[in-house]
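The values are calculated or read from the model by the stated rules, or taken from the named source; none is laboratory data. Since this is a predicted model, take the numbers as computed values, not measurements. Reconstructed Cβ throughout: ideal geometry from the backbone, glycine too, with neighbour counts over all protein chains shown.
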Amino acid sequence: MRSAEQAPKEHATDVLIVGGGLGGVAGALAALRLGARVILTEETDWLGGQLTAQAVPADEHPWIEQSGCTASYRQLREKIREYYRRNYPLLPGPRADPYLNPGAGYVSALCHEPRAALAAIEEMLAPYRSSRQLLVLLEHWPVTAEVDSDRVRAVALRTGTGKDVVVRASFVLDATELGDLLPLAGVEHVIGAESQADTGEPNAVEGEAQPLDQQAVSWCFAIDHLPGEDHTIERPDAYEFWQEYRAPFWPGPHLGWTDVDPQTLDARHMPIFSRPADGRGAWDFWHYRRILYRGHYPEGVFPSDITLVNWPQIDYWLEPLLGVPEEEVRRNLEVARQLSLSFLYWMQTEAPRHDGGVGYPGLRLRPDVVGTSDGLAKCIYVRESRRIRAEFTVLEQHVGVKARGDLHGAEEFADSVGIGSYRIDLHPSTGGRNYVDISSWPFQIPLGALIPVRIENLLPANKNLGTTHITNGCYRLHPVEWNIGEAAGALAAYCHRLGVSPRQVRNIPAHLADFRQVLTSRLGFQLHWPRYTPR
């Protein structure tokens with residue numbers, strides 16, 4: 001028996017949110033604004049998930065500046081822009097631009113450095129931390145869950161020192177990147193690819209379900225470019241393997257400028273530079289996820305742009321992260337790290353140059369940008385999570401343009417708790433499938449997809465809601481994850497205040513109407529889309 005000195009420290013709260021990514025942060029803000037006490041935990045030392053610790057600039061739909069997100073997500077975006085206006089010596093034109101894009105990257109209207117989002121998130125949470133309505137536990141990850149019948153009573157978290165912390169809560173949100181609480185709490189869930197027989201989806205796999213068929217993950221990194229200098233890294237241990245590797249469905253070596261057009265699956269040639277590196281708007285990888293554009297500043301302030309490498313060449317699809325032993329997970333993560341480092345080394349030493357030469361030794365890894373010592377992001381970028389078996393599961397037939405046939409628009413849900421839009425975008429998978437990248441209609445987030453079939457007080461707050469392998473492809477992006485988490489946090493606070501269950505809120509019309517009114521009037525949610533053309 002443990003002594004009092006050895007016993008884990010205990011906390012009690014109204015809402016426990018495990019995972020400090022975008023969904024976790026949004027969930028915390030919603031619950032806090034509705035009066036609940038919140039404990040928010042995160043396994044790294046940065047809140048923000050895919051926008052910060054995974055270092056991925058926001059993937060967003062084309063109407064994001066005017067419509068299609070919650071009020072708090074819009075506040076986050078504006079605070080990121082204000083971070084640059086407040087701290088950086090912008091030229092008058094960019095400073096006055098209400099739609100400032102700090103990196104002038106073309107993947108999004110808001111490409112920026114991870115620290116800018118981290119600063120915005122910290123600012124949004126600051127008042128609640130000062131009032132002690134919110135407790136944030138960084139570098140804590142879940143190890144066990146205490147479950148009584150159909151309720152999660154407590155979650156034990158471990159720290160880097162090996163000490164456990166136990167948090168008891170009325171409601172628990174799983175906002176982890178891989179749905180880590182679901183197996184710990186015995187929540188019914190699925191992984192990988194469902195079959196056409198399971199879901200009827202045109203793009204689901206044929207035959208039996210394939211749990212180990214999961215989207216590629218990517219270990220991202222930031223670089224700048226200093227021509228004439230040599231910043232070549234040490235040759236990675238696995239370089240020879242990746243130098244020779246070529247997937248059966250890929251048109252060339254994995255380390256190369258020839259990849260696949262995600263929509264047509266035709267081979268395409270897309271190098272890092274298609275014209276001099278200070279060009280703007282070129283269709284090449286340098287400008288794709290550029291997160292700092294030196295042209296926004298007086299000459300000489302920055303020696304180079306900074307770009308974020310989240311490109312097909314670092315997609316790791318050899319083995320999955322879910323459904324395999326922990327030892328294999330660790331090995332797969334290391335192989336993915338080696339892939340990213342090998343691609344950088346290849347670019348520095350062997351890549352065909354835009355000017356006819358070979359190698360860009362002036363490409364410099366920027367560990368300071370991602371907050372690590374080795375230069376890779378704090379966490380691997382995860383595209384697919386465990387997913388709850390939900391009261392309602394979103395299928396391709398609800399959102400896919402082709403799957404909807406003659407119907408105009410996505411399925412309308414009477415229990416909508418938000419909206420989003422993105423193509424059904426699945427990267428190559430561990431099952432050996434190439435891209436699945438197809439048009440989808442702007443869609444709603446049904447409340448039924450946030451409610452597990454059995455457990456009463458655990459809610460998904462990331463990519464772990466009731467979608468399929470296919471529809472996960474459009475529900476996984478930044479503003480949608482934020483909306484999912486914010487809706488889950490609001491639902492937890494609402495249920496705690498009234499003493500009802502999430503299932504009752506969805507299935508009792510008076511509660512559902514009241515909750516949706518809270519979302520729109522108090523939190524600034526948008527529950528319906530105008531009519532837009534699909535992407």
*asked:* One residue is enough: does region 145-154 have a residue meeting the conditions touching a strand residue (DSSP E or B) at 6+ places or on another chain (Cβ under 6 Å), modelled with pLDDT of 95 or more and assigned to a loop (DSSP other than H, G, I, E, B)?
replied: no
*Mind listing whichever residues of region 350-381 are in a loop (DSSP other than H, G, I, E, B) and among the hydroxyl-bearing types (Ser, Thr, Tyr)?*
360, 372, 373
*Please name all residue pairs, on different chains or six or more residues apart, with Cβ atoms under 7 Å, provided the first residue is in region 294-307 and is under 16 Å from residue 97 (Cβ atoms) and the second residue is modelled with pLDDT under 95.*
295/280
*asked:* Going through 516, 476, 503, 531 one at a time, which residue ends up being in contact (Cβ under 8 Å) with a residue 40 or more places away in the chain, in contact with a Leu (Cβ under 7 Å, 6 or more places away or on another chain) and of a type in the set (Lys, Arg)?
replied: 516
*Looking at residue 31, is it touching a strand residue (DSSP E or B) at 6+ places or on another chain (Cβ under 7 Å), among the aliphatic types (A, V, I, L, M) and part of a helix (DSSP H, G or I)?*
yes
*Could you tell me whether residue 454 is at pLDDT 95 or above, surrounded by fewer than 24 Cβ atoms within 10 Å (Cβ to Cβ), touching a Phe, Trp or Tyr at 6+ places or on another chain (Cβ under 8 Å) and in the same structural domain as residue 516 (by TED's automatic domain parsing)?*
no
_Qualifying position, being touching an Asp or Glu at 6+ places or on another chain (Cβ under 9 Å), under 23 Å from residue 151 (Cβ atoms) and surrounded by fewer than 24 Cβ atoms within 10 Å (Cβ to Cβ), among 35, 19, 27, 23_ = 35
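Yes/no per residue for (1) of a type in the set (D, E, K, R); (2) more than 16 Å from the chain's Cα centre (by Cα):
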site	(1), (2)
381	no, no
409	no, yes
423	yes, no
446	no, yes
460	no, no
*Can we say residue 441 is touching a residue at least 12 places away in the same chain (Cβ under 8 Å), out of contact with any Lys or Arg (no Cβ under 9 Å at 6 or more places or on another chain), in the same structural domain as residue 153 (by TED's automatic domain parsing) and under 20 Å from residue 60 (Cα atoms)?*
no
*How many of the residues making up region 295-321 are closer than 30 Å to residue 251 by Cα and over 29 Å from the mean Cα position of the chain (by Cα)?*
0
